[in-house]
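Have a look at the structure below, then the notes.
The values are calculated or read from the model by the stated rules, or taken from the named source; none is laboratory data. All values derive from a computational prediction rather than experimental measurement. Neighbour counts run over all protein chains shown; Cβ positions are idealised from the backbone, glycine included. Note: areas computed on protein heavy atoms with side chains; ligands, DNA, RNA excluded. Shrake-Rupley method; radii C 1.70, N 1.55, O 1.52, S 1.80 Å.
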Amino acid sequence: MERLVRSCYKQGGYVFAKKAGGRTHGAGDERIARLASNENPEGPSPAAVMAAQEAVLTANRYPDERVDVLVSALKTHYGDYAFVAGVGMDGVIETLMRTLVEPGETVAVSTPTFSFYGLAAQAQGAKVVSVPRRADFSVDIDALIAAGKDAKIIVLCSPNNPTGNATRVEDVKRVLEGINGFLFLDNAYVEFSGIDYLPLIRKYENLVIGRTFSKVYSLAGLRIGYAFVPAWLQPYYARAGTPFTVNSVSAAAAAAALSDDGHADRYIGHVRVWRKRYADKIKFPVLPSDANFVMINVTPHTGDEIVENLAAKGVLVRSCRSFTGLGDHYIRVSVGEDWENERCIQELNAL
Ligand code: PMP
């Protein structure tokens, strides 16, 4: 019966990071350090937990299809922008592709980067074009514009996963002015960078900025993301989306999380301290990062070797081998709790 499956799903798919498999402790009863998925190691804000608990009491009802509770909280927090929401930023990316991309159209992606853009574009029958970054992982803006001239959507991740570096606002502006289609700017990690791309939203009608509650707001398990969009796009996005896609518990928790700036700020401060410590203390070259993780060049080892080696010692990190165009000598390490980061540094340096 497998012959009935679409050819694009016969192989490939999203590559997940190594998991603890529900375990919190390793064989020698040491705690497992989870540094593979760029999660906030602290639990969600108590305000978010309370809002979720309250919302679940009315889970017999379908959620509000306009996700008003979240949209109004976003407006209070950021100002009067137009927003859409989704099941994680992944859900936003998927719905955006559905809204905009006809089969056979081009989606150009600045690589190496997060893989789901290509997968979501492929699901719409798009032709996915990869536009490689330079050797230092900075974006070749002219190449991106040239490759993106005829693309329906150009995707740029800043700060980029897995390289960690950010693209300057001026350069993003150049892309927006040079292309004919849309720019999807992935800002999953922007809160850790201090860069403000939002003034661009006021000016450009072909820009969508994706954001998530999975990282700085500590709600990865509730799968909730959003985007700043040009107002004209909103009704089309709503038409293309799965009905009631954002559940009421996640929406309530996310709205409440926005009100707890202290929780987010504490984590951002912690990330900044540890990015520097990683760079100072790890014996391998650590790339400069504007995100809540760092990418490390582990040559002469391969990323996979290091992941297996560290996992055996109860430290989970991510191999970058699956990121197209990156080669296999890199790992990505999230900033975790102090003890997790210390363990990771110690095990890496002991190699
Ligand atoms: N974009 C980037 C760059 C990411 O790293 C991730 C998650 N790892 C996402 C989007 C998806 O985030 P979410 O959990 O909101 O679906």
> How many residues, within the range 145-187, are modelled with pLDDT under 95 and of a type in the set (Lys, Arg)?
Replying inline: 1
>> Condition first: modelled with pLDDT of 95 or more, in contact with a Ser or Thr (Cβ under 9 Å, 6 or more places away or on another chain) and within 16 Å of the ligand (Cβ to nearest atom). Can you find one or more residues in the range 49-65 that meet it?
In response: no
>> Anything in the range 53-62 that is open to solvent by 20 Å² or more (accessible area, probe 1.4 Å) and either within 18 Å of Ile224 (Cβ to Cβ) or touching a helix residue (DSSP H, G or I) at 6+ places or on another chain (Cβ under 8 Å) (or both)? List them, or say none.
In response: Gln53, Glu54, Val56, Thr58, Ala59, Arg61, Tyr62
>> One residue is enough: does the range 213-228 have a residue meeting the conditions within 16 Å of the chain's Cα centre (by Cα), within 13 Å of the ligand (Cβ to nearest atom), assigned by TED's automatic domain parsing to the domain that holds Ala166 and of a type in the set (S, T, N, Q)?
In response: yes
> Does the range 308-316 contain any residue that is assigned to a helix (DSSP H, G or I) and open to solvent by less than 10 Å² (accessible area, probe 1.4 Å)?
Replying inline: yes
>> For the structure I just gave you, tell me whether Arg266 is away from the ligand (no atom under 16 Å from the Cβ) and either over 15 Å from Thr95 (Cα atoms) or modelled with pLDDT under 95 (or both).
In response: yes
>> Restricting to the range 33-48, count the residues that are in contact with a Phe, Trp or Tyr (Cβ under 7 Å, 6 or more places away or on another chain) and more than 16 Å from the ligand (Cβ to nearest atom).
In response: 1
>> Looking only at the range 75-96, filter to residues that are small (Gly, Ala, Ser) and within 12 Å of the ligand (Cβ to nearest atom); which one of those is farthest from Ala231 (Cα to Cα)?
In response: Gly88
> Which of the residues spanning the range 55-97 are of a type outside the set (A, V, I, L, M, F, W, C), farther than 23 Å from Gln124 by Cβ and part of a helix (DSSP H, G or I)?
Replying inline: Asp68, Ser72, Lys75, Thr76, His77, Tyr78
> If a residue has to be aromatic (Phe, Trp, Tyr), surrounded by 23 or more Cβ atoms within 10 Å (Cβ to Cβ) and farther than 15 Å from Val216 by Cβ to count, how many in the range 164-198 make the cut?
Replying inline: 2
>> I'd like the residue in the range 322-349 that is open to solvent by 60 Å² or more (accessible area, probe 1.4 Å) and at pLDDT 95 or above and, out of all such residues, is farthest from the chain's Cα centre (by Cα).
In response: Gln346
> Given the structure, is Lys19 within 15 Å of the ligand (Cβ to nearest atom), at pLDDT below 95 and open to solvent by 60 Å² or more (accessible area, probe 1.4 Å)?
Replying inline: yes
